[in-house]
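Visitor: First, the structure itself, so that you have it in front of you.
The values are calculated or read from the model by the stated rules, or taken from the named source; none is laboratory data. Predicted, not measured: the structure shown is a model, and the values here were computed from it. Cβ atoms come from the backbone with ideal geometry, glycine included; neighbour counts cover every protein chain shown. For the accessible areas, the whole protein counts, side chains as well, though only heavy atoms, and no ligand, DNA or RNA atoms are used. Shrake-Rupley method; radii C 1.70, N 1.55, O 1.52, S 1.80 Å.
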Amino acid sequence: MKIIHSPRHLGHSGHVELMNGQVVPAFEKPERVAMILRAVGERQLGPFVDPQAHGLDPVLKVHDADFIRFLSTAWELWTADGRDFPALPSFWKAPGMRSIEPESIDGKLGHFSFDAGCCMVAGTWDAVQAGADIALTGVDLISSGEKAAFALCRPPGHHAHAGTMGGYCFVNNAAVAAQSFIDRGAARVAILDVDYHHGNGTQSIFYARPDVLVCNIHADPMQEFPYFLGYADEPGEGPGEGFNANFPLRWGTDYEGWGAALDAACARIEAHAPDVMLVSLGVDTYKDDPISQFKLDSPDYLKIGARIAKLARPTLFVMEGGYAVEAIGTNVANTLEGFEQG
Ligand SMILES: [Zn+2]
């Protein structure tokens, strides 16, 4: 399976996050990719492929133009104020307030975010663009006949809405790729999001559409981020009704419960009969993940890959979360190996 990767993600480093009331170094850090590269290399799961530049047009198919303009200029505006430290949002609008993009960079950061999870540094925008190109190069490969590919995107994407960043995510790489498949002639696409956290951005982008089925298996938002989306009673709306499926699970869920949800999600995907599928691959379901509360163990990821392979569809894996750095490589490699052997 070809693995698309770029070192440009390294520019997104040295950033912080607000965690349980404290500013701490971000859990979403460059070492994650280094560990994945090492593990997939040791298993000879490649070859590695460089991304091709695709420009911003395919990104603008799912993201608002004013949001992308903000992302591309935010660091310049932040440092114009004389600040030489990472940019972190800290103001948000409440229901009843107006949705206005202020002139002030602090106001803009709040306007275009839903949490303090998207800290920006000098190289963030370049890393984000590289991530989108990695996902789109995966679309190129699948469209030219590859059975599967792995887009090693960083930062992740599934929390990013059309006009809002959050949860470490700036551009929604999986959504950009899904739209690109549609634009290249796919009639039906399915996105299976197996990250520990609900993919609120992906759900939101396709919520009113019947062409892209979105299935999420994730921690119950009653207990876990993103809290305000990802419940079981969100079936899609309008023409998209019936094309969104959430499988929220309680803290402490192990593979027995998680695997049952995967079977149910796979049944939904089979009924959709997609021309192609995307897997938003987060491995923060792992038992020792520092910010998560599921109990999957490393061998379980082999089973996940094998189950996805049984769907027998052209499949693009897109990297999302996973913060147990010492195990992230093993868990990602196990998923891909389980798929290849499945
Ligand atoms: Zn996650």
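Visitor: What does the convex hull of the Cα atoms come to per residue for region 175-229, in Å³?
Guide: Spelled out: Cα convex hull of region 175-229, divided by residues, is 70 Å³.
Visitor: If you roll a 1.4 Å probe over the chain with all protein chains in place, what percent of the accessible area is carbon or sulfur?
Guide: Here it works out to 53 percent.
Visitor: Here is a follow-up. Helix-only mean residue ellipticity at 222 nm, the chain, DSSP H runs n ≥ 4 weighted -39,500 (n - 2.57), per residue, nearest 500. What is it?
Guide: After summing the helix terms and dividing by residue count, I get -11500 deg cm²/dmol.
Visitor: log10 I(q)/I(0), Debye, Cα-only the chain, no solvent, q = 0.08, 0.12, 0.15 Å⁻¹?
Guide: Debye output, listed in q order: -0.33, -0.77, -1.28.
Visitor: What's the percent breakdown of Cα-Cα distances in region 262-336 across 10 Å bins, shortest bin first?
Guide: In order of increasing distance, the bins hold 19, 50, 26, 5 percent.
Visitor: Further question on the same structure: Given contacts defined as C-alpha pairs under 8 Å and at least six residues apart, what's the relative contact order of the chain, whole-number percent?
Guide: 18 percent
Visitor: Could you order peptides 228-236, 243-251 by the average number of other Cβ atoms within 10 Å of their residues, highest first?
Guide: 243-251, 228-236
Visitor: Taking 37 °C and 0.692 mPa s as the conditions, I'd like the Stokes-Einstein D for region 228-285 in µm²/s, using the Kirkwood hydrodynamic radius from alpha carbon pairs.
Guide: Value of D from the Cα-based Kirkwood radius: 251 µm²/s.
Visitor: Using a Förster distance of 35 angstrom, determine the FRET efficiency expected from the C-beta separation of R83 and W251, and round it to 0.05.
Guide: 0.40
Visitor: At 1.4 Å probe radius, can you tell me the per residue accessible area of region 13-125 in Å²?
Guide: Per-residue value: 55 Å².
Visitor: Packing-wise, with mean Cβ within 10 Å as the measure, how do 102-108, 116-122 rank, highest first?
Guide: The most tightly packed comes first, giving 116-122, 102-108.
Visitor: Starting from the amide H of M165, placed 1.01 Å from N in the peptide plane, find each other amide H under 5 Å away whose residue is 5 or more places distant or on another chain.
Guide: S113, F114
Visitor: Can you tell me the 0 to 90 degree angle between the C-alpha axis of helix 65-80 and the longest principal axis of the chain, rounded to 10?
Guide: The two axes meet at around 50 degrees.
Visitor: Which order do peptides 191-197, 30-36 fall in by mean Cβ count within 10 Å, highest first?
Guide: 191-197, 30-36
Visitor: Distance cut-off 32 Å, Cα to Cα: go down the list K29/K61; K2/K108; K2/K61; K61/K108; K93/K287; K2/K287 and report the pairs above it.
Guide: K2/K108; K93/K287
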